Structures are given as structure tokens and as C-alpha cells.
Ligand code: SAH
């Protein structure tokens, strides 16, 4: 997708957008300063209107590099985190068919959907999922399949996935998720209670190579569903 031609930009031009391209470019500069370097990730971060994922009362803070509340005790991930996880995924495996666990507001979903051909996303809180689905449909993003469910179990009837990206932190890597990776597939997941680390896991046969990437700060991955 070329800069300036995404469905999101068409949406912006239709007058729904309320913050300037310049504000988003400042965010892109900040991301680069923090070490994000993948060109497509930076381009998509710069063209996606993050304020559409927030309540109006918070939308003026949308382009700060910070996590913000989205209701139900959950947060919209920090732009740095979204960009970093996306570039790790794209650089670590072929990422044609990807599973996201923890749709939340749909912001990370909207970024990933512009970077990979097929995306599956699971959220345990149904009202959040419904709102995210509506937002992405309004933005003209239609390569995403949504599911209300418990991401600990993954998505059995859609596996295997080239890539899995988890946006909430379990105490340990869920085994079911590991086994839903395709050969050579990779998972980007925060793990830990208290102190958390972002892990990159790569599948090779029945072996899962684990690499600590950096420290992390996510809401916990929780069992069961709501709604
Ligand atoms: N990336 C999202 C924010 C994620 S916050 C965004 O950009 O808005 C983490 C999300 O994971 C929350 O919405 C939370 O409800 C969800 N979650 C937590 N445990 C889950 C589970 N077991 N299965 C699916 N979703 C889960």
C-alpha cells in the first residue's frame, strides 16, 4: 500500500479525521528515535488515525507515545509497543497468515492488517471486539476475521499461523498457542507477572526457540470470556 492511498487516508480525506498529518509525522520521528526502523511499519504508523480508537474526551492525546484507557480496565497500547511488535513479527517470519490475541480497541489490529495479507484476531471482552470490528469496517479494512473467545486456546479451526502476536501478558507462554504456529512461524508475546519481557519464539519442528527481546509492560492475559 503506498503512502497516501490507504483506506484509512481516504477516510481521513472524507473529513472524519481531526488531527493533521504533521502531528502523526512527529510520532513517526519519535518512533524512529526509539529505534523502530521498518519502513512499512513507520509508513503505516504515520498514516493511521489513532484518535479514532479513543473516546472523544481523550482523542487530543492520541498522538502521544503513551498507553491510554479504552474502558473495561483495558488500554490502547503505546504506539512504540505496537510499532515494535509489528516490526519484530515482520522481520522474524514470513507473516502471511497471522493471529492476534487481544484485539482491544483494534488499533494494533488496524496497523497489522495493513502489513499482512490475512489477519485473525481474538478478544475476550465482547463489547470491545464489536467496537473494534465496527471501527475497522468503517476504515475500509476488510482482511480481518474477528472472534469473541479466550486467546489462551488460540484458534484451533484456523491454525496453523505463520505469525502470532499477543497483546496481553500471561505468566507463561500458552502451550496451545505455540502448537498453532506453522513450521518456521514466530510468536511475539510479553510474558511474566510483575516483571515482564517481550519474547520472540520461533518454531522449528517440535522445538521452540525463545529469545528475550526487551522489557515490557502489558495488561495481563486473563482466562475466560466476558459478554
Ligand atoms: N492492542 C490493543 C490493546 C490490547 S490490551 C489495542 O491496541 O487497543 C489487551 C487486550 O487483551 C484487552 O482488550 C483484553 O481484554 C484482551 N485479553 C486479555 N486476555 C485475553 C484472552 N485470554 N483472550 C483474548 N483477549 C484477551
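Derivation of every value follows stated rules applied to the coordinates shown; laboratory data play no part. Everything numeric in this text was worked out from a predicted model, so none of it was measured. Note that we place each Cβ from the backbone using ideal geometry, even for glycine, and neighbour counts take in every protein chain shown.
Some values worked out for this structure:
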read-out: Largest-first principal axis extents, alpha carbons of the chain, Å; value: 50, 38, 33
read-out: The stretch 146-227 shape via C-alpha gyration tensor axes, a/c threshold 1.5; value: oblate
read-out: Order by protection proxy (mean Cβ within 10 Å, highest first), peptides 115-122, 178-185; value: 115-122, 178-185
read-out: R0 of 30 Å, Cβ-Cβ distance residue 66-residue 193: FRET efficiency to nearest 0.05; value: 0.85
read-out: Relative contact order %, the chain, counting alpha carbon pairs below 8 Å whose residues are six or more apart; value: 16
read-out: Gaussian network model of the chain, springs between alpha carbon atoms under 10 Å - residue of 130, 73, 34 with greatest fluctuation; value: 73
read-out: Global geometry of the stretch 26-138, whether rounded, prolate or oblate, following the gyration tensor of its Cα atoms and the 1.5 cut on a/c; value: oblate
read-out: Most fluctuating residue given options 50, 26, 84, as computed from a GNM of the chain linking Cα atoms under 10 Å; value: 26
read-out: The chain: most fluctuating residue of 187, 139, 85 per GNM, C-alpha cutoff 10 Å; value: 139
read-out: Length gained when the stretch residue 134-residue 212 is fully extended (0.36 nm per residue, less Cα-Cα span); value: 24.6 nm
read-out: Label-point separation, residue 78 to residue 33 (7 Å along Cα→Cβ), nm; value: 1.4
